[in-house]
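Single-structure report; data block below.
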Amino acid sequence: MSLIGIDLGTSAIKVGAYAVDGTPLADAHEGVPSYHPEPGHYEVDVEESRAAFRSVLGAVAADPNLRADPPIAISFSSSGREVFPVAEDGTPLGRCLMTPDTRGDDVAAETAGRRSPEEWFRLAGHVPRRMDPVNRALWWRRTDPSVATRTRWFMNWHEYYSLLLTGRPVVDWSDAGTWATYDVATAAWSDERIAETGIDPRWLPEIQPNGAPIGRLLPGIAAEYGLPPDVVVVTGAYDNFAASVGAAAIDRGMISLTCGTWHSFNIPVDPGWPVDLVHDGLNVYPHPGPTGFAAMVTNPNGMSVVDWARSLFHLSIPELEAGLAATGPGPGHVFADAAFTPLPHVAARPGFGGTFAGVTLAATAIDIVRALLEAIACDFSISVDRLRSRGIESRLIRATGGGSHNSWWLQLMADVSRLPIEVVAEEEPGAFGAAILAGVGAGLYESVSAAVARLVKVSRRFEPDRRRGELYADMRRRLVAG
């Protein structure tokens, strides 16, 4: 018996197959291009995503290791909050506006203005900003009414691929929690907020708990991929939360940090979370761990910014790592504010973008990229301190994503946050976390907690150097001051 986890990411789709003891059996990934027709626009062609999905799932399904150990369940890690219009027959009717897309602030202002931020936070766990699926759907209706008229569902990637594989458009609790119409108290759609926002209730998918069976593969799908007909598709989780499962960062006091395209993290919280968190731009969503919820801090300026700079200067990863290793313990002479893309809770303003200071003719490519890495690390530590000030303490960070391969950066983040950082052995914790949820839904594991205790192993650990962290105090104050 084996399990398949599918990571439906922002820039790529990754599939991993695992034995029930966590041993990797097969994997494949394929990039999905994004389009930026105008400043602030960030789109993905759904058909191109679907082609990548078919390619990578087909490659894993055909792997001899999986043929020898056939799968019994599939689940998803889904890039949350991104929805697109879909017709009754499953045909996409438009591109997916990704989370960094800045359109729709006017629609969001109308929705958010119906209640105080504190009340939104209590009822829905977040204030509905432009990327809230409710506002994306309302934006489509306002911008292209003909598409909205033909739309049967507005779907996130999770429910879209659930529909394609099983015929049922099902969303898990954590992805459903990104909608303003989701009620955190009942784990269901709120009739009051559906009526209040004016959203068409037909657009909303069915909700099920994380790690719940959806149904078997459609016969045609099983035949297409050569998979057993009794494979069960199971609800997964919002990608950050699936990665926290794959990194075993699901208990109180543990931060699950994703050093990916976005530099985002979550930390489990109990129901009755501090309402003041809303003033720090945080969101709270349902979480598959034992507390049931987690606070999330999202920052679109992660490896996307670092990779932009590396590409601009034609700087390879080995060259960057060698250059960073030769630097001193304190900040470089170049300062950066890495806010290239507005934060999700901040309205886009004309002229938005990152800034640099201290750039002279002596500055090198390493100096520029180092400044960005330092800014992202310090921003992260500032967010951790804000959580502490709200009574949410942290004791350990588990880091995942491409950026977690950079030891210099992880050490810096440990130093400025004053917390140890661990990296797990599994290279793709999002897909691994989805596979664990598949196993829970298939009844192989008693619970998420039992599964991660058995399956997840740590490969590296970084202890904080408080003296080095103190050298960045001025930089942290400068970033806070804006």
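The values are calculated or read from the model by the stated rules, or taken from the named source; none is laboratory data. Keep in mind that this is a model prediction, so the values were computed, not measured. As a convention, Cβ positions derive from the backbone with ideal geometry for all residues, glycine included, and neighbour counts pool all protein chains shown. For accessibility, only protein heavy atoms count, side chains too; no ligands or nucleic acids. Shrake-Rupley method; radii C 1.70, N 1.55, O 1.52, S 1.80 Å.
Structure summary
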{"item": "Looking only at the range 171-190, and only at residues there that are surrounded by 22 or more Cβ atoms within 10 Å (Cβ to Cβ) and hydroxyl-bearing (Ser, Thr, Tyr), the one that is farthest from residue 113 (Cα to Cα)", "result": "174"}
{"item": "Answer from 186, 149, 178 - the residue that is polar (S, T, N, Q), outside any helix (DSSP H, G or I) and without any contact (Cβ under 8 Å) to a residue 12 or more places away in the chain", "result": "186"}
{"item": "Check on residue 365, small (Gly, Ala, Ser) and modelled with pLDDT of 95 or more", "result": "yes"}
{"item": "Some residue of the range 108-115 being in a helix (DSSP H, G or I), over 26 Å from residue 39 (Cα atoms) and in contact (Cβ under 8 Å) with a residue 12 or more places away in the chain", "result": "no"}
{"item": "Residues satisfying the stated conditions in the range 76-97, i.e. aliphatic (A, V, I, L, M) and surrounded by fewer than 22 Cβ atoms within 10 Å (Cβ to Cβ)", "result": "87, 93"}
{"item": "Every pair of residues 6+ apart whose Cβ atoms lie under 8 Å, when the first sits in the range 299-324 and is among the charged types (D, E, K, R) while the second is open to solvent by less than 70 Å² (accessible area, probe 1.4 Å) and part of a loop (DSSP other than H, G, I, E, B)", "result": "310/316; 321/406"}
{"item": "The listed residue being closer than 29 Å to residue 24 by Cα, in a helix (DSSP H, G or I), at pLDDT 95 or above and basic (Lys, Arg), out of 136, 50", "result": "50"}
{"item": "Qualifying residues in the range 79-133 (those that are among the polar types (S, T, N, Q) and at pLDDT below 95) - the one nearest to the chain's Cα centre (by Cα)", "result": "79"}
{"item": "Within the range 244-256, tally of residues that are surrounded by 24 or more Cβ atoms within 10 Å (Cβ to Cβ) and either at pLDDT below 95 or under 11 Å from residue 396 (Cβ atoms) (or both)", "result": "5"}
{"item": "Hits in the range 311-339 (condition: open to solvent by 50 Å² or more (accessible area, probe 1.4 Å) and either more than 28 Å from residue 41 (Cα to Cα) or under 26 Å from the mean Cα position of the chain (by Cα) (or both))", "result": "311, 312, 317, 318, 319, 321, 322, 325, 326, 329, 331, 333"}
{"item": "Selected residue (criterion: farthest from residue 235 (Cα to Cα)) from residues of the range 272-300 that are of a type outside the set (A, V, I, L, M, F, W, C) and part of a strand (DSSP E or B)", "result": "283"}
{"item": "Qualifying residue in the range 301-312 (condition: under 22 Å from residue 130 (Cα atoms), at pLDDT below 90, of a type outside the set (Gly, Ala, Ser) and not in a helix (DSSP H, G or I))", "result": "no"}
{"item": "Enumeration of residues in the range 271-310 that are of a type outside the set (A, V, I, L, M), over 16 Å from the mean Cα position of the chain (by Cα), open to solvent by 30 Å² or more (accessible area, probe 1.4 Å) and farther than 12 Å from residue 184 by Cα", "result": "274, 276, 279, 280, 290, 307, 308, 310"}
{"item": "Output for the range 1-24, where each listed residue is surrounded by 21 or more Cβ atoms within 10 Å (Cβ to Cβ), over 21 Å from the mean Cα position of the chain (by Cα) and of a type in the set (A, V, I, L, M, F, W, C)", "result": "3"}
{"item": "Qualifying residue in the range 456-474 (condition: over 19 Å from residue 8 (Cβ atoms) and open to solvent by less than 20 Å² (accessible area, probe 1.4 Å))", "result": "yes"}
{"item": "Unmet requirement for residue 163, which otherwise passes all of (1) of a type in the set (A, V, I, L, M, F, W, C); (2) open to solvent by 10 Å² or more (accessible area, probe 1.4 Å); (3) more than 22 Å from the chain's Cα centre (by Cα)", "result": "(3)"}
{"item": "Helices (runs of 4 or more DSSP H) fully within the range 432-482 counting 1 or more residues that are under 30 Å from residue 29 (Cβ atoms) and touching a Gly at 6+ places or on another chain (Cβ under 6 Å)", "result": "448-455"}
{"item": "Failed criterion for residue 251 (all others in (1) closer than 21 Å to residue 419 by Cβ; (2) outside any loop (DSSP other than H, G, I, E, B); (3) not basic (Lys, Arg) hold)", "result": "(2)"}
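Residue-by-condition table, conditions (1) charged (D, E, K, R); (2) out of contact with any Asp or Glu (no Cβ under 7 Å at 6 or more places or on another chain); (3) more than 23 Å from residue 443 (Cα to Cα); (4) touching a residue at least 24 places away in the same chain (Cβ under 8 Å):
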site	(1), (2), (3), (4)
174	no, yes, no, yes
191	yes, yes, yes, no
237	no, no, no, yes
257	no, yes, yes, yes
263	no, yes, yes, yes
270	yes, yes, yes, no
280	yes, yes, yes, yes
